[in-house]
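Inspection log for the structure reproduced underneath, given as structure tokens.
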């Protein structure tokens, strides 16, 4: 295995592995070649559109403090120290993503799709308009 180094802008060196197939510098080799030579892809590129949307909604819920329960769990309350405007923006975004996921699931199993828009969010007690 061949190793190369390049100087860093503020001193020191950066070490690289040389891919035996394409002769390019790489930080990681997967077996006898680099990721591009092996044709390996990131896991997210193998997901369907619905799976990517579901993962995005779960990521938002996790950011808001949800620890389990998936998309059917009650929506988490606003985390301490988060601005109300941020909370409502994330909640609206998550609601829209979840609507897309549920529509795709309904379409996949042959259920009729509702045509109406998602219901308007009702602010929690204690939330005032001046919080926005």
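No value in this document is a laboratory result; all are computed from the given coordinates. Small disclaimer: the values here were computed from a predicted structure and weren't measured. Here the Cβ positions follow ideal geometry from the backbone for every residue, glycine too, while neighbour counts run over all protein chains shown.
Points worth noting:
- On the stretch given as the range 27-55, residues that are in contact (Cβ under 8 Å) with a residue 12 or more places away in the chain, assigned to a helix (DSSP H, G or I) and over 11 Å from the mean Cα position of the chain (by Cα) total 4.
- Residue count, the range 56-83 (criterion: on the phi > 0 side of the Ramachandran plot, surrounded by 11 or more Cβ atoms within 10 Å (Cβ to Cβ) and not in a loop (DSSP other than H, G, I, E, B)): 0
- Residues of the range 18-41 satisfying the condition of being touching a helix residue (DSSP H, G or I) at 6+ places or on another chain (Cβ under 9 Å) and either at negative phi or surrounded by 14 or more Cβ atoms within 10 Å (Cβ to Cβ) (or both): 19, 20, 21, 22, 24, 26, 28, 29, 30, 32, 41
- Looking across the range 9-19, just one residue is under 32 Å from the mean Cα position of the chain (by Cα) and farther than 18 Å from residue 35 by Cα, and that is 14.
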